[in-house]
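Here is the structure we will look at, set down as structure tokens.
The values are calculated or read from the model by the stated rules, or taken from the named source; none is laboratory data. This structure is a prediction, so every number in the text was calculated from the model and none was measured. Using ideal geometry, Cβ is built from the backbone for each residue, glycine included, and neighbour counts are taken over all protein chains shown. To get the accessible areas, we keep the full protein, side chains included, count just its heavy atoms, and leave off ligands, DNA and RNA. Shrake-Rupley method; radii C 1.70, N 1.55, O 1.52, S 1.80 Å.
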Amino acid sequence: MIFVPGGSFTMGSEKFYPEERPLRRVRVDGFWMDETPVTNRQFAEFVEATGYVTVAEIAPDPRDYPGMDPALAQPGSLVFRRTDRPVTLDDFSQWWSFTLGADWRHPLGPGSDLTGLDDHPVVHVGHPDALAYAEWAGKALPSEAEWEYAARGGHDGREYAWGDDLAPGGAMMANYWQGMFPFANLMTDGWERTSPVRSYAANDYGLHDLIGNVWEWTCDWYAQPRAADKKKPGACCVIDNPRGGRRAESFDPCMPGMKVARRVIKGGSHLCAENYCQRYRPAARQGQAIDTSTSHIGFRCIVRSGFSPT
């Protein structure tokens, strides 16, 4: 783990997506953070020690999902499938497929395994799975503010973690989609899906893969940012250790008919592209249903209160 000293920064962005607004000054206490996302090797150690079964390995109960096709009441998870031609970008079902038998051990579904993927981030983990791992490890999931502060690496105001250019001098700084999503991945960065952790340079805090590769769960309920959160006594207009909204309001405003509780995920993934989902940035955020796992979401942990991890 790497120690991230506490401090203040400007959270959010006004140049990309509305859910990143407003800009607000935020202060967080210091904390320890995993150098990388949790890998398949690390998650396997957890499962071996505890016998834990992930969300994707448990058949959903149709009673919890009115209108659900009974044929889908089997263990599985969402897997990205590249399209063979350009498609409209307003229907994600064209590239996401609920795949029976897909889980963290079988990232592409039955017949796939983790051969050669020990050092890749674990995927197909729902929020309860990330929490269970964190508890077993004596850690916690970061808040959205802690995560964003860490991703900025001590540099306030940059749009990207490394500066204001996505690919300075043509250099690939993170694992994201190059080309036209979702059918033409040029793989300029060398990877079609996830990449081994530490494949890209660490930021100035010494942390790897906070941008791209996989989205990362946080502990905050998803809601529109509030500029009037609790402020630190004696500090003008600085929000002290902000937390997300309430569970009751943690739904995706773009999907008003689905009142499914959502947590904030951060950092973007290998599927973010210039023509779709430019969320390979510290300020970017998205709400993810807590019971849903995918082939592009993972997590990392922190330790708060200044205690040095063992």
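Points worth noting:
- In region 116-148, the residues that are open to solvent by 20 Å² or more (accessible area, probe 1.4 Å) and either among the hydrophobic types (A, V, I, L, M, F, W, C) or closer than 17 Å to ARG281 by Cβ (or both): LEU117, LEU131, ALA132, TRP136, ALA137, ALA140
- Whenever a residue of region 115-143 is within 11 Å of ARG300 (Cβ to Cβ), its partners that are of a type in the set (Ser, Thr, Tyr) and assigned to a loop (DSSP other than H, G, I, E, B), lying with C-beta atoms within less than 6 angstrom and at least six residues away or across chains, give the pairs PRO121/THR194.
- Where a residue in region 81-110 is within 24 Å of THR39 (Cβ to Cβ) and its partner, wherever it lies, is open to solvent by 80 Å² or more (accessible area, probe 1.4 Å) and in a loop (DSSP other than H, G, I, E, B), with Cβ under 7 Å and at least six apart: GLY101/PRO110; ARG105/ASP113; HIS106/ASP113
- Of all residues in region 87-100 being in a loop (DSSP other than H, G, I, E, B) and open to solvent by less than 60 Å² (accessible area, probe 1.4 Å), the one that is nearest to THR194 (Cα to Cα): TRP95
- Among residues that are over 15 Å from SER293 (Cα atoms), among the polar types (S, T, N, Q), touching a residue at least 60 places away in the same chain (Cβ under 8 Å) and buried (at least 16 other Cβ atoms within 10 Å of the Cβ), THR39 is included.
- Annotation for region 75-86: at least one member residue is open to solvent by less than 80 Å² (accessible area, probe 1.4 Å) and touching a His at 6+ places or on another chain (Cβ under 8 Å).
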